[in-house]
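Read-outs throughout are calculated quantities, based only on the coordinates presented, and are distinct from any laboratory measurement. On a predicted model such as this, the values are computed, not experimentally measured, just so you know. Reconstructed Cβ throughout: ideal geometry from the backbone, glycine too, with neighbour counts over all protein chains shown.
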Amino acid sequence: MDSEAKLPARIRERIHAQQESSEILIGWAQLGVVVIFGTLYAIAPKPYTEAPRFTPVPWVLSAYLVFTLFRLALAHARRLPQWLLYVSVVADMALLLGLIWSFHLQYEQPASFYLKAPTLLYVFIFIALRALRFEARFVVLAGLVAAAGWLLLVLYVVTVDPADPMITRNYVEYMTSNSVLLGAEFDKIMSILIVTAILAFALTRARRLLIRSVVDSSVARDLSRFVPRQVAAHIGRSEEQVAAGQGEVREATILYTDLEGFTSVSERLSPPELIATLNEYFAAVSGPIEEHGGVINQFQGDAILATFNVPETLPDHAASAVRAALEIQRVLRTRTFGQGITLHARIGINSGTVVGGLVGTSERLGYTVHGDDVNLAARLEQLNKEYGTYLLLSERTCQLAGFERFRFQRLGTVTVRGRSTPANVFTVAGDDAGPAAISQGANPASA
């Protein structure tokens with residue numbers, strides 16, 4: 001428990017929430033035991049023809065039912081105090097053993113009569129119920145109370161009538177009469193203690209695993225904010241341990257966006273204002289990208305690199321990227337950021353073969369996409385300056401997206417740095433391409 005106290009508060013809160021859920025489950029299980037036991041008692045044929053003078057079972061079951069309902073209500077309200085948990089363990093065993101003790105009075109038999117009652121087996125149910133909380137102390141308490149209680153019942157039998165303790169060493173006589181075989185009773189006590197010890201040992205190990213699982217899942221959830229959730233899910237489904245160099249080659253669409261004139265904007269803002277403005281912008285732009293199936297791979301300063309169809313399959317990836325870009329432009333036209341700042345984003349989109357995978361070292365990895373077609377998307381984003389546009393696309397993207405579905409407009413042919421083959425560049429005609437005017441006559445020779 002000392003080591004658990006050193007855990008971060010958020011981890012302890014998650015463990016506490018799990019414990020509270022376990023108490024609700026325990027409460028319902030106890031209620032089920034009461035209902036089952038009461039039903040069996042009600043339908044079982046009675047061995048007597050006249051009503052006995054003393055019938056404790058209905059009273060004990062009624063009292064336990066009220067206690068269980070009270071405890072269950074507190075558990076659902078998340079107001080179950082620790083001291084009541086200990087009281088509940090003792091009450092479970094006290095009521096059960098007290099009920100067993102009363103059998104000899106109800107059936108007017110010697111006290112040794114109750115030692116053969118199969119109702120003792122319910123002790124193991126109540127001990128096992130405490131295992132649901134993943135705390136060995138409650139299992140140990142339940143086992144010790146049960147063992148001590150049964151020992152008291154045995155002592156009562158052999159001392160209630162000093163003239164006739166009814167002790168025998170004959171097993172046949174023990175089985176066919178009300179005689180007491182001390183070895184058999186000690187076997188029962190030892191069975192209770194051994195089962196308790198095994199459960200406590202298993203729970204101690206299980207609790208360590210529970211804590212480790214909670215810590216690992218919390219860390220994984222926090223770290224997943226540093227990588228796209230699709231990438232985290234992809235890694236989680238991996239059959240083997242992830243390592244640098246693992247990747248896949250496939251056709252995908254790359255969307256690269258950068259803010260226009262943000263350097264001058266950042267000069268007017270304090271560092272906290274700059275970060276707040278960027279975060280607000282990223283949140284606004286991330287929405288359209290993710291809604292259309294894209295995955296944001298990197299935030300690079302004020303730029304965003306997003307992919308469609310890698311790592312998650314997206315059949316209509318080119319059209320999805322175009323729709324995301326148009327939605328981004330619509331969002332930017334309708335709102336401001338930070339202290340009323342209007343932002344404009346230049347976007348380049350290209351489709352082609354890329355490799356997406358893990359890069360880095362054995363100790364630190366990152367997921368990214370590489371390929372000449374990734375570079376072309378970044379070059380197209382930069383070419384928006386030359387064409388006076390806010391959205392440029394490659395011919396391959398237009399072909400995959402469908403000329404019949406979008407108002408693509410060819411602007412010209414350019415030779416991009418690092419490429420020997422000229423490339424046709426397109427935009428989306430009309431306001432969908434952004435607030436900048438489209439210069440149809442512009443035709444930069446290179447970029």
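Do you know the relative contact order of segment 2-223, to the nearest whole percent, from alpha carbon pairs under 8 angstrom that are 6+ apart?
Once divided by the residue count of segment 2-223, the mean separation gives 21 percent.
Output the peptides 89-97, 407-415 sorted from most to least packed, where packing is the average of other Cβ atoms within 10 Å over each peptide's residues.
On the way: 89-97: 19.4, 407-415: 17.1.
So the peptides 89-97, 407-415, ranked by packing, come out 89-97, 407-415.
Among the trypsin sites (Lys or Arg not before Pro) within segment 60-127, which fall in a DSSP loop and have no more than 11 other Cβ atoms within 10 Å of their own Cβ?
Arg79
Run the numbers on segment 229-433 and let me know its relative contact order in percent, using alpha-carbon pairs under 8 Å that are six or more apart. Present the calculation step by step, with values, prior to reporting the outcome.
Working: 377 pairs, mean separation 48.5, N = 205.
Value for segment 229-433: 24 percent.
In segment 229-433, what is the volume of the convex hull around the alpha carbon atoms, normalised per residue and reported in Å³?
133 Å³
Can you order the peptides 176-182, 270-276, 138-144 by their average number of other Cβ atoms within 10 Å per residue, highest first?
138-144, 176-182, 270-276
Treat each spin label as a single point 7 Å out from the Cα along the C-beta direction, and report the His76 to Leu144 distance in nm.
Each label point lies 7 Å from its Cα, and together they span 3.4 nm.
First obtain the Kirkwood hydrodynamic radius of segment 2-223 from its Cα pairs, then insert it into the Stokes-Einstein equation at 37 °C and 0.692 mPa s, and state the resulting D in µm² per second as a whole number.
Translational diffusion coefficient: 167 µm²/s.
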